[in-house]
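Peer 1: Input: one structure, supplied below.
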Amino acid sequence: MAEQWQDVLDHAVAVAQKAGKVVREALQSDRKVSTKSSSIDLVTQTDQKVEQLIIQSVKETFPAHRFIGEESVAAGEPCDLTDEPTWIIDPIDGTTNFFPLAFLLIMGVVYSCLEDKMFVARRGKGAFCNGKQLRVSDQKDIHCSIVATEFGSNRDGGAVEKIFSSLRKVVCLPVHGVRGAGSAAINLCLVASGCVEAYYEIGVHVWDVAAGALMVTEAGGVLMDVEGGALDMMSRRILAANNRHIAEQIVGQIQAFTPQRDDAPPQQQ
Ligand SMILES: O=P(O)(O)OC(CO)CO
Ligand SMILES: [Mg+2]
Ligand SMILES: [Mg+2]
């Protein structure tokens with residue numbers, strides 16, 4: 001990636017710090033929670049405030065840049081990923097657990113604001129946490145591996161059945177353990193950091209995973225679809241792992257289903 005993007009990355013880190021401050025302050029006061037696609041798909045005033053803060057800040061400095069933002073899409077904005085410089089924004093990932101935020105395409109920033117951990121990745125230049133380079137686990141044995149996943153916000157009976165069935169099969173491989181940070185972005189950072197060997201989930205959105213996915217590949221890991229093909233960022237399905245061998249063993253256990261794509265035409269939504 002050309003050095004021309006350094007100013008964009010610097011801006012992303014600065015605005016993430018600013019947003020983190022807003023989130024930390026909101027933890028003391030913001031308890032006004034609304035719902036989106038279902039009763040457990042939550043949004044707070046802080047999610048909306050932080051997304052606007054980020055978009056306004058970027059627009060002032062980079063007026064030609066485009067945005068895909070979780071709360072903007074929820075409000076009816078299109079989810080179009082083109083070749084134009086585009087910020088993919090999840091103002092707070094893991095609203096249920098009140099966690100941090102994420103960004104972009106050729107660079108990714110995930111700020112875990114309660115821990116003050118700033119994860120940064122640039123394509124071809126590595127992934128870092130507070131300046132320290134990240135490397136995935138070198139574990140090759142699935143039985144010694146820890147797998148992260150989430151139950152998601154889909155409460156459709158068929159989907160829940162498949163989520164439980166997949167998890168049961170993964171647990172009984174057996175794996176060493178199962179974790180869930182409550183945030184897709186943080187789960188991906190855990191893979192990148194070598195804290196867990198793999199993470200998979202069906203039902204996430206592009207803004208949940210865009211930044212963390214880059215963190216994983218830049219730390220030496222692999223990404224694929226939960227059925228083993230190439231990762232499709234708009235498909236709402238992701239499997240990340242420290243290596244292909246571990247990933248393929250998990251693929252064999254997953255009962256996949258197909259949520260509506262993030263880039264589905266509005267009339268289908
Ligand atoms: O809290 P959010 O942004 O809805 O994200 C969830 C998944 O959709 C946790 O990753
Ligand atoms: Mg999210
Ligand atoms: Mg969010």
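Values in this text are rule-based calculations from the coordinates and carry no lab data. Everything numeric in this text was worked out from a predicted model, so none of it was measured. Backbone-built Cβ (ideal geometry, glycine too); neighbour counts: all protein chains shown.
Peer 1: Please build a GNM for the chain, connecting alpha carbons under 10 Å apart, and tell me which residue among LEU81, LEU53, LEU173 fluctuates the most.
Peer 2: LEU173
Peer 1: Which one, ARG155, ARG122, ARG236, has the greatest fluctuation when you compute a Gaussian network model over the chain with C-alpha springs under 10 angstrom?
Peer 2: Greatest mean-square fluctuation among the candidates belongs to ARG155.
Peer 1: While we're here: Could you let me know the centre-to-centre spacing of the stretch 133-151 and the stretch 196-268, using Cα atoms, in angstrom?
Peer 2: Each part's Cα centre sits 15 Å from the other's.
Peer 1: Hey, another quick one. Just to be sure I understand the model, the point goes 7 Å from the Cα along the line to the Cβ. What's the resulting ASN130 to GLN6 distance in nm?
Peer 2: 2.5 nm
Peer 1: Three principal axis extents, largest first, for the C-alpha atoms of the stretch 3-133, in Å?
Peer 2: The Cα atoms of the stretch 3-133 stretch 43, 33, 24 Å along their principal axes.
Peer 1: If you don't mind, another one. Give me the lysines in straight-line cross-link reach of LYS132: C-alpha distance below 20 Å, same-chain residues under 8 apart excluded.
Peer 2: Partners found: LYS117.
Peer 1: Normalising by the residue count of the chain, find the relative contact order in percent from Cα pairs under 8 Å and 6+ residues apart.
Peer 2: Computed over the chain, the figure is 17 percent.
Peer 1: For the pairs LYS32/LYS162; LYS49/LYS125; LYS21/LYS125; LYS21/LYS59, note any where the Cα-Cα span goes beyond 22 Å.
Peer 2: Long pairs (Cα-Cα over 22 Å): LYS32/LYS162; LYS49/LYS125; LYS21/LYS125.
Peer 1: Quick check: convex hull over the Cα atoms of the chain, volume per residue in Å³, rounded to an integer?
Peer 2: 121 Å³
Peer 1: OK, next. Compute the distance from the alpha-carbon center of the stretch 156-190 to that of the stretch 61-98, in whole Å.
Peer 2: Spelled out, the Cα-based centre of one part sits 26 Å from the other.
Peer 1: Still on this structure, I have one more. If we count GluC sites (Glu not before Pro) as exposed when they sit in a DSSP loop and have at most 16 other beta carbons within 10 Å, what is the longest stretch of the chain that avoids them all?
Peer 2: No qualifying site falls inside 1-114, the longest such stretch.
Peer 1: Can you tell which of GLN28, GLN249, GLN139 shows the greatest fluctuation in a Gaussian network model of the chain with Cα springs below 10 Å?
Peer 2: Top of the fluctuation ranking is GLN28.
Peer 1: Given the peptides 62-68, 108-114, arrange them by the average over their residues of other C-beta atoms within 10 Å, most packed first.
Peer 2: Descending packing order for the listed peptides: 108-114, 62-68.
Peer 1: Which value in deg cm²/dmol, rounded to the nearest 500, describes the helix-derived mean residue ellipticity at 222 nm for the chain, given -39,500 (n - 2.57) per DSSP H run of n ≥ 4 and division by the residue count?
Peer 2: Mean residue ellipticity, 222 nm, calculated: -10500 deg cm²/dmol.
Peer 1: Using the Kirkwood radius over Cα pairs, work out the Stokes-Einstein diffusion coefficient for the stretch 142-251 at 37 °C and 0.692 mPa s, in µm²/s as a whole number.
Peer 2: Calculated translational D: 243 µm²/s.
Peer 1: Let me ask something else. If you place +1 on the Cβ of every Lys and Arg and -1 on the Cβ of every Asp and Glu, how big does the dipole about the Cα centre of the chain come out, in debye to the nearest 20?
Peer 2: Roughly 600 debye, rounded to the nearest 20.
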